[in-house]
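Reading through the structure tokens given below for one structure.
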Amino acid sequence: MDKDNVISQSIIEAAKKLMQQYGLSKTTMEDIAKAAGKGKSTLYYHFKSKEEIFDEVIGQEMDSFFKEVKLAVDQETTLHTKLKTYVVRKIQSLQQKVNLYRFAIETDALTLQINTQFRRLRERYDHQEVALILSILELGMTQGVIRQLKEAELAMLAELLVTWVRG
């Protein structure tokens, strides 16, 4: 990792801790700078605003969350165990990360803007999750556990399963 990436990552890690503890609206760029051991000018060199830092924090958390679930699913070999692992690991991971998501739904003046940003990031994650479920269903068809489905049926079933698990 180059120097700029190391600095950006240290800022993101400091911001994540503060945002988990105090929420987004109560966390300032000054707080983040102090926690990261950097000057505010360094923060603004790397990020335009705390909302941009928030985007990175949430993006990295969603990537980590997806990787954890996918890794567990990939270790299974059957449709049944893959789907069961997907549901169980997703719920476990959500429980572990609930504090991070708490600040994404704060009720303050930033809520609409933040929720819009969060929805955009969530859509990216949803596409990855649907692709994972599609691969599980395709395995089930290959193994003869479920009947062969048309592409549209497969896509609809994957969307349905992702939505069902999300609640």
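Inside segment 140-155, can you point out the residues that are more than 15 Å from residue 81 (Cα to Cα), assigned to a helix (DSSP H, G or I) and among the hydrophobic types (A, V, I, L, M, F, W, C)?
Matches in segment 140-155: 152, 154, 155.
Of all residues in segment 10-25, which are closer than 15 Å to residue 49 by Cα, assigned to a helix (DSSP H, G or I) and not hydrophobic (A, V, I, L, M, F, W, C)?
Result: 16, single match.
Looking at segment 43-87, which of its residues are surrounded by fewer than 16 Cβ atoms within 10 Å (Cβ to Cβ), over 22 Å from the mean Cα position of the chain (by Cα) and over 30 Å from residue 144 (Cα atoms)?
Hits for segment 43-87 are 44, 45.
What pairs come up if the first residue lies in segment 73-89 and is modelled with pLDDT under 95, the second is assigned to a loop (DSSP other than H, G, I, E, B) and among the hydrophobic types (A, V, I, L, M, F, W, C), and their beta carbons are under 6 Å apart, counting only those six or more places apart or on different chains?
That search, which allows pairs on different chains as well, returns 79/145.
Residue 112 is checked against (1) surrounded by fewer than 17 Cβ atoms within 10 Å (Cβ to Cβ); (2) over 20 Å from residue 17 (Cα atoms); (3) among the hydrophobic types (A, V, I, L, M, F, W, C); (4) at pLDDT 75 or above and fails just one. What number does that condition carry?
That leaves (4) as the condition not met.
Only one of 51, 30 is of a type in the set (Asp, Glu) and either part of a loop (DSSP other than H, G, I, E, B) or under 22 Å from residue 124 (Cα atoms) (or both). Can you tell me which?
That would be 51, the only listed residue that is of a type in the set (Asp, Glu) and either part of a loop (DSSP other than H, G, I, E, B) or under 22 Å from residue 124 (Cα atoms) (or both).
Scanning segment 1-42 for residues that are basic (Lys, Arg) and under 19 Å from residue 64 (Cβ atoms), which turns out surrounded by the fewest Cβ atoms within 10 Å (Cβ to Cβ)?
Per the stated criteria, the residue is 17.
Condition first: of a type in the set (S, T, N, Q) and farther than 17 Å from residue 26 by Cα. Now tell me which residues in segment 47-62 satisfy that.
Scanning segment 47-62 gives a single hit, 60.
Mind checking whether some residue in segment 92-106 is acidic (Asp, Glu), surrounded by 15 or more Cβ atoms within 10 Å (Cβ to Cβ) and modelled with pLDDT under 95?
Yes: segment 92-106 contains one or more residues that are acidic (Asp, Glu), surrounded by 15 or more Cβ atoms within 10 Å (Cβ to Cβ) and modelled with pLDDT under 95.
Find the residue count for segment 116-167, including only residues that are within 18 Å of the chain's Cα centre (by Cα) and of a type in the set (S, T, N, Q).
4
The values are calculated or read from the model by the stated rules, or taken from the named source; none is laboratory data. What you see is a predicted model; the values in this text were computed from it and never measured. Here the Cβ is made from the backbone with ideal geometry for all residues, glycine too, and neighbour counts use every protein chain on show.
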